[in-house]
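Step one of this worksheet: look at the structure below.
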Amino acid sequence: MIRLAYYPGCTLKDQAKGFEDSAHLVAGALGLELVELQRWTCCGTVHSLATDDVMHQLAPIRNLLRAQEMKGEGLVDDDRLVTLCAMCYNTLKRANSVFQEDEERREKIVEIMTKEEHQYQGRVKVVHLLEVLRGLGWQRVREAVKKPLEGLRVAPYYGCLLLRPRGVGLDDTDNPTIMENMVQALGGEVVDFPYKQKCCGSYQTVHMPETVSELAHRILSQAQEMGAELLVTACPLCEYNLGRMQDRIARRHPGFQPIPVIYFTQLMALAFGLGPGEAGFSPNTPDPTPLLEERGLLEG
Amino acid sequence: MLTFKSQQLGFNPDQRSFKERVEELSGENLDLCFQCGACSGGCPMTQEMDLLPSKVIRMAQLGLEEVLESTTIWTCMTCFSCEVRCPRGIDVANVMEALRQLVLRRKYNRVSLDELSPEELRTLPQIALISNQRKLTA
């Protein structure tokens, strides 16, 4: 077992619990142990883009310091900090870059965090679970498959923060392949569609749900037109916007057929024959069980 | 629809300080923009904006402070589609954030959680509420 520090983030303990549960199952099947960070706090969900902003870098940097301490105590095997949520990934990674590259802000951050027992050294490497899997090699994933997703037409949806901005994203910004490779390793059929990198509406969902439901409709109906039966995502906010908005979409667009949206780790756990995980599917997505049962992916 | 007081295309030296503040806060060189419109072409929110993102950049370039009255800076959802498309290497999302910050730092809140129903507060995930408040409130 390789032990890796793991940062959950707020929504992974609530609506997206199924994301976390299935990630533990998948990691375990591949010889990885995700060791939850001690005393983690919210990362802030979004990176502050203003050049003079120090305050909002403190929470992410404090979480990186916790990861450094775990390494120091021998609780994990390397400098990586694994994230699942695309927004946590982006926020922690960018705060890390501020600390590593912006001398003026680094000095201020260190100055402010004097009550901490240790000083952050800037050596933690923020990674997404997808990158860890790519590092292991898709062959390893292929070998763990017990129930190949034969004929299941899956559309990977990336959204924004896994891929952008340039230099922060985990794959080619214009032509990502990491989730496609994962679906192929599971034996599924990849459905490529032009809106896989289009924003789902993000945090505007709070006060502009009508607008966001239109964005979601464009994304979902495009995927359906290309033949998708299921979408996979790595972001709890995308999952909410694409899943929860479907009732609203159906009211505004008669004839719209619901389509399930699940986390990529749930798809992997199903293909590994482990079921979707204890927490099951989220309350936001149209029920994926009829589709999965039909394909024989649910029974033990 | 907003009407803007000064629509002149010339750069008035009096407007220099606003432009410099935007550049300092965003870390972007506004003079790089040559108005190709790629940012606006890729933006998924233009239907909700009174000014296209490229127009916002143009106004900031000219130092026109009225740009702060535009709805565009609030409908931007920092998805960075503009950033990856700009052939001049401007991170337009950084400029939008700088413009928002110039308003928010006067203790302005664009949105309030009080506007939400108990049902919405129950179903919205933390990730949505926190990011929304972080970007749109002081």
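FYI, it's all coordinate maths here, none of it is from the lab. The structure presented is a predicted model; accordingly, all values stated were derived computationally and were not measured. Cβ coordinates were reconstructed from backbone atoms using ideal geometry, including for glycine residues, and neighbour counts include every protein chain displayed.
Taking the numbered list (1) in a strand (DSSP E or B); (2) free of Cβ contacts under 8 Å to residues at least 60 places away in the same chain in turn, A:V82 passes all entries but (2). Within the range A:1-39, being assigned to a loop (DSSP other than H, G, I, E, B) and within 14 Å of chain B (Cβ to nearest Cβ) holds for A:P8, A:G9, A:D14, A:Q15, A:A16.
Could you check, for the range A:85-99, whether at least one of its residues is surrounded by fewer than 24 Cβ atoms within 10 Å (Cβ to Cβ), touching a residue at least 60 places away in the same chain (Cβ under 8 Å), within 18 Å of the chain's Cα centre (by Cα) and part of a loop (DSSP other than H, G, I, E, B)? No, every residue in the range A:85-99 fails to be surrounded by fewer than 24 Cβ atoms within 10 Å (Cβ to Cβ), touching a residue at least 60 places away in the same chain (Cβ under 8 Å), within 18 Å of the chain's Cα centre (by Cα) and part of a loop (DSSP other than H, G, I, E, B). Restricting attention to the range A:243-260 and to residues that are closer than 18 Å to A:T233 by Cβ and not hydrophobic (A, V, I, L, M, F, W, C), the residue that is surrounded by the fewest Cβ atoms within 10 Å (Cβ to Cβ) turns out to be A:P258. A:C43 meets the conditions (1) away from chain B (no Cβ under 14 Å); (2) in a loop (DSSP other than H, G, I, E, B); (3) of a type outside the set (V, I, T) in every case but one. The failed one is (1). Among residues of the range A:144-172 that are over 19 Å from A:L220 (Cβ atoms) and within 14 Å of chain B (Cβ to nearest Cβ), those with a Cβ under 6 angstrom from a residue that is hydrophobic (A, V, I, L, M, F, W, C) and outside any loop (DSSP other than H, G, I, E, B), sequence gap 6+ or separate chain, pair up as A:L161/A:A86; A:L161/A:M87; A:R164/B:V84; A:R166/B:V84; A:D171/A:I178. Residue under question is B:R122, and the condition is that it be in contact with a Gly (Cβ under 7 Å, 6 or more places away or on another chain) and either part of a helix (DSSP H, G or I) or touching a residue at least 40 places away in the same chain (Cβ under 8 Å) (or both); does it hold? No; evaluated as a whole, the condition is false for this residue.
Within the range B:86-110, the set of residues being hydrophobic (A, V, I, L, M, F, W, C) and within 12 Å of chain A (Cβ to nearest Cβ) comprises B:C86, B:I90, B:V92, B:A93, B:V95, B:M96, B:A98, B:L99, B:L102, B:L104.
Which residues, taken from the range B:60-85, are away from every other protein chain (no Cβ under 13 Å) and crowded, with 23+ Cβ neighbours inside 10 Å? Correct list: B:A60, B:V67. Exactly one residue among B:D114, B:D91 is surrounded by fewer than 18 Cβ atoms within 10 Å (Cβ to Cβ) and either touching a residue at least 24 places away in the same chain (Cβ under 8 Å) or among the charged types (D, E, K, R) (or both), and that residue is B:D114. Of the residues making up the range A:48-79, those that are free of Cβ contacts under 8 Å to residues at least 12 places away in the same chain and under 22 Å from A:E33 (Cα atoms) are A:E73, A:G74. When you look at A:A216, is it of a type in the set (A, V, I, L, M, F, W, C) and either touching a Gly at 6+ places or on another chain (Cβ under 6 Å) or surrounded by fewer than 24 Cβ atoms within 10 Å (Cβ to Cβ) (or both), yes or no? Spelling it out, it is not the case that A:A216 is of a type in the set (A, V, I, L, M, F, W, C) and either touching a Gly at 6+ places or on another chain (Cβ under 6 Å) or surrounded by fewer than 24 Cβ atoms within 10 Å (Cβ to Cβ) (or both).
Can you pull out the residues in the range A:198-208 that are without any contact (Cβ under 8 Å) to a residue 60 or more places away in the chain and facing chain B (nearest Cβ under 8 Å)? Within the range A:198-208, A:K198, A:C199, A:G201, A:S202, A:Q204, A:T205, A:V206, A:H207, A:M208 meet the criteria. Going through (1) without any contact (Cβ under 8 Å) to a residue 24 or more places away in the chain; (2) within 11 Å of chain A (Cβ to nearest Cβ) one by one, B:K55 falls short only on (2). None of A:I219, A:I178 is touching an Asp or Glu at 6+ places or on another chain (Cβ under 9 Å) and either in contact (Cβ under 8 Å) with a residue 40 or more places away in the chain or away from chain B (no Cβ under 14 Å) (or both) except A:I178.
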